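Below you'll find the structure, written out as structure tokens, and then a few comments.
The values are calculated or read from the model by the stated rules, or taken from the named source; none is laboratory data. No experiment lies behind these values; they were computed from the predicted model shown. Virtual Cβ from ideal backbone geometry, glycine too; neighbours counted across all protein chains shown. Note: accessible area is taken over every heavy atom of the protein model, side chains too, but ligands, DNA and RNA are not part of it. Shrake-Rupley method; radii C 1.70, N 1.55, O 1.52, S 1.80 Å.
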Protein chains: 2
Amino acid sequence: MEVKLSSLALTPRSLDHQAADVIRQQILSGSFPPGHRLIETQLAEALDLSRGTVRSALQQLTYENLVVQLPYRGWLVPPLRSQGAWELYTLRSGLEGLAARLAAMAISPEKATLLERSFQQLVDAAQRGDRNAVNEFDFGIHKTIIQLTEHRRLQQQYKIIEQQIRLYITACNTLLEFDLTEIANQHQSMVKAICCGNASLAQQIAQDHSTADGETLVNYLQESEARNSK
Amino acid sequence: MEVKLSSLALTPRSLDHQAADVIRQQILSGSFPPGHRLIETQLAEALDLSRGTVRSALQQLTYENLVVQLPYRGWLVPPLRSQGAWELYTLRSGLEGLAARLAAMAISPEKATLLERSFQQLVDAAQRGDRNAVNEFDFGIHKTIIQLTEHRRLQQQYKIIEQQIRLYITACNTLLEFDLTEIANQHQSMVKAICCGNASLAQQIAQDHSTADGETLVNYLQESEARNSK
DNA sequence: ACAATTCCAATTGTCAACAATTTACAATTG
DNA sequence: CAATTGTAAATTGTTGACAATTGGAATTGT
């Protein structure tokens, strides 16, 4: 009974990466809300780290769009804008559509089984009427699809998109309104299309679904912006 | 005659950003070829900068996939792999397709004029038989389409994709083989579809075209990898 | 009273030194 | 001769101090 030692390898995790994790969590949990100014010296003191390490952490977060750097002037959790929401949801629809297409092109019985299992979780949650769980399994299905594509960059990009969508949902305090039956039906036809290798249909269904979600949020933010400009 | 001073505003460009520009150029020009190890101390000496500043520059380049960080062990220009090429081209097709769809949905006479002008440059280059120019204007059309969408994130993402495709082309020393007439025809039908607002057709054509390009490069790299594994 | 200028504290950007980890190679052991 | 250990050099990660920039308050000028 051999344990393969290379699978137990420990990876040292540098302080700047750890600091980025902590700051990311503060942002995603709402403790650092959109528009919040991030001061290096304060963060360095709070984290008991050197300011240079904090700078490195903040820079990492700029590439996740969780932080914006204003050179020589500071760092900021970006305010939520309808334009940003639109960009986020269109990109989401594009990436989810691409993933569905690629998965359909590379489908196998084993992959189909994984996908159907993931879909079943969504159906169960919808039948329980558990909106939070439905939202989670909605993301879960798409993550499964992306895993099936074995496309590492797509996984990375999707992770960033997902984080940001969660941020918008938390900050706007909206759980998006959706019809539970409709969600399950849409995903069923998408899962079917993928499993029988129909790439263009799978893509079409996948992107249509997230487009509808996005419009609700964009409208909400547009109204909010119109109110604030008076 | 008033010159609007705010349009002349100078933006201080920090040394780390400047260093990133220099290193990026070295990578894209082939001076730091795929697989090349990047040593902080050497770069710092060559650029007459502090090593911390170079670290910051390298970190910026990791988010463009031009550099990979191996924590505690170094930085590397990533080797070119067929898997990486596949991911790059599929992502390109997805983003170009999304851009075509969004542009078609938001088309106006002014935008159509811009797009047709861009297309005309491609046609002229094809008629001259100038392959380099055709390749440039191929990118040029897609950049125009993305500008028409007014989608900032898409522009950012496409820029990174474009850089990397240029890197693959330079490093593999292949100018992709393509039929000049076919290129012009494909782009004509795509431009038509966008200008008359046919979003799904525009997307379909856009993504099919870059998929074909990508397959050639992926095949080339797979053969190269098969040779090197003996 | 208002605009322009100056001053200074707060903050960001960079640096060189110290700390920590990895690599390569020589020496030792089995 | 192969495997293991030890160690110095190379390199990466972090730090605190100095340099540079910005924004807002105070002062000056009209």
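The number of residues in segment B:25-66 being in a helix (DSSP H, G or I) and open to solvent by 60 Å² or more (accessible area, probe 1.4 Å) comes to 8.
Taking the conditions exactly as written (within 16 Å of DNA strand C (Cβ to nearest atom) and more than 14 Å from every other protein chain (Cβ to nearest Cβ)), does A:ASP16 satisfy them or not? For A:ASP16, the condition - within 16 Å of DNA strand C (Cβ to nearest atom) and more than 14 Å from every other protein chain (Cβ to nearest Cβ) - is not met.
Looking only at segment A:160-197, how many residues end up being within 17 Å of A:LEU102 (Cβ to Cβ) and within 14 Å of chain B (Cβ to nearest Cβ)?
Looking only at that region, the number is 1.
Within segment B:67-105, the set of residues being within 11 Å of another protein chain (Cβ to nearest Cβ) and open to solvent by 30 Å² or more (accessible area, probe 1.4 Å) comprises B:GLN69, B:LEU70, B:PRO71, B:TYR72, B:ARG73, B:ARG81, B:GLN83, B:TRP86, B:MET105.
Screening B:PHE139 against (1) touching a residue at least 40 places away in the same chain (Cβ under 8 Å); (2) open to solvent by less than 70 Å² (accessible area, probe 1.4 Å); (3) of a type in the set (Phe, Trp, Tyr) leaves a single unmet condition, (1).
Can you find even one residue in segment A:176-190 that is crowded, with 22+ Cβ neighbours inside 10 Å and touching a residue at least 40 places away in the same chain (Cβ under 8 Å)? So that I can check it myself, show each step before the final result.
Within segment A:176-190, the subset crowded, with 22+ Cβ neighbours inside 10 Å is A:187, A:190.
Imposing the further condition that a residue be touching a residue at least 40 places away in the same chain (Cβ under 8 Å) reduces the set to A:187, A:190.
Checking segment A:176-190: at least one residue is crowded, with 22+ Cβ neighbours inside 10 Å and touching a residue at least 40 places away in the same chain (Cβ under 8 Å).
When we screen B:GLN25, B:GLN69 for residues that are free of Cβ contacts under 8 Å to residues at least 40 places away in the same chain and under 19 Å from the mean Cα position of the chain (by Cα), the only hit is B:GLN25. Is one or more of the residues making up segment B:168-179 touching a helix residue (DSSP H, G or I) at 6+ places or on another chain (Cβ under 7 Å) and at pLDDT 85 or above? Yes; the residues of segment B:168-179 include at least one that is touching a helix residue (DSSP H, G or I) at 6+ places or on another chain (Cβ under 7 Å) and at pLDDT 85 or above.
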